[in-house]
Amino acid sequence: MDQLMHWRRRRALGLANLPPAVRSWLAAPWPPSDGLWRQTPFTALDLETSGLDVRKDEILAIGTVDIDEGRIRMETAWSTLVSPSPGHVVGVPSIRIHGLLPQRLSTAPRLQDVLPALIERLVGRVLVVHVAEVDRPFLDRAFKAAWGCGAWMPVLDTARLSAWFDHHPQLNGRRGAEASPLRRLGDIAKELGVPVGRQHDALEDAMICAQVLLALASRMESMGMGTLGALLKVGT
């Protein structure tokens, strides 16, 4: 695991006035990289945002679901809408993607009010997202604004896991297919036989992401690459 992140987490524990949930998250040990992936606790997460520019856009919805012992735990599914900052305009192009109208968001809780519930769900777990380059910066900004620490934890990217197979056509049966680390979640899911419902819904996408992880991790396991470290090596 990243030693710099370990150091940052230890250093952040010295910050004053950290909420207990944040302190627990920072202090919790990470799952061992040499452990089997089926014994690793994961949390799949999806964010819906007002755009892709982390400097000016905002989180509008969060969805998560846990994976334990190689199974999705449906009872842990959690989601919330998030009210944007006063004066922040959610543009029409964004609304067309996720369907979150301003009227619906106006009654949602503020981001600072939902972050404690989110971080409680991440203690001691590996985060699973699709295209970490999008979700992680938004989490980093949110955590730093609320508590002065970044989203310092192991992150497994299903887009990169899939891309690893794409770069090895003999493994995926997609001979001649164009390889890209940024294939859409829905396209990967359909290829793997994972049911795809409404996309760009935070909880639905977190569920699809979790199922995609199970399919890809199982495939790697059958190739003798069944540890968390093996997944992180190609999925980060």
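Just so you know, all these numbers are worked out from the coordinates, no wet-lab data involved. Since we're looking at a predicted model, the values are computed, not measured. Because the Cβ atoms are built from the backbone with ideal geometry, glycine has one as well, and the counts that use them run over all protein chains shown.
Using a ≥ b ≥ c from the Cα gyration tensor of the chain (square roots of the eigenvalues), is it rounded, prolate or oblate, where a/c under 1.5 gives rounded and otherwise the larger of a/b and b/c decides, a/b for prolate?
Oblate shape, in that a/c is at least 1.5 and b/c is the bigger or equal ratio.
Report the relative contact order of segment 54-141, percent, no decimals, based on alpha-carbon pairs under 8 angstrom and at least 6 residues apart.
28
In whole angstrom, note down how far apart the Cα centers of segment 101-161 and segment 188-215 are.
What the calculation gives is 19 Å, centre to centre.
Loop-only trypsin sites (Lys or Arg not before Pro) in segment 5-61, please: DSSP not H, G, I, E or B, and at most 12 other Cβ atoms within 10 Å.
Loop-located and lightly packed - 55, 56.
Remind me, relative contact order of the chain in percent, using alpha carbon pairs under 8 angstrom and six or more residues apart?
Contact order relative to length: 26 percent.
Between residue 190 and residue 23, what FRET efficiency comes out of the Förster formula 1/(1 + (r/R0)^6) with R0 = 35 Å and r the beta carbon distance, rounded to 0.05?
It comes to 0.25.
Just to confirm a number: summing +1 for Lys and Arg and -1 for Asp and Glu over residues other than residue 141 whose beta-carbon lies under 13 angstrom from that of residue 141, what do you get?
-1
Report the Rg/Rh value for segment 97-143, based on alpha-carbon coordinates and the Kirkwood definition of Rh.
Rg divided by Rh gives 1.01.
For segment 187-236, what does the alpha-carbon gyration tensor say about shape, rounded, prolate or oblate, given a ≥ b ≥ c as the root eigenvalues, a/c under 1.5 as rounded, and a/b over b/c as prolate?
Here segment 187-236 falls in the prolate category.
Among 135, 166, 53, which one shows the highest mean-square fluctuation when the chain is modelled as a Gaussian network with alpha-carbon springs under 10 Å?
Highest fluctuation among the options: 53.
Based on the Cα coordinates of segment 1-140, what is the per residue volume of their convex hull in Å³?
135
Using just the helices of the chain, give the 222 nm mean residue ellipticity in deg cm²/dmol: DSSP H runs with n ≥ 4 each add -39,500 (n - 2.57), and the total is spread over all residues, rounded to 500.
-12500 deg cm²/dmol
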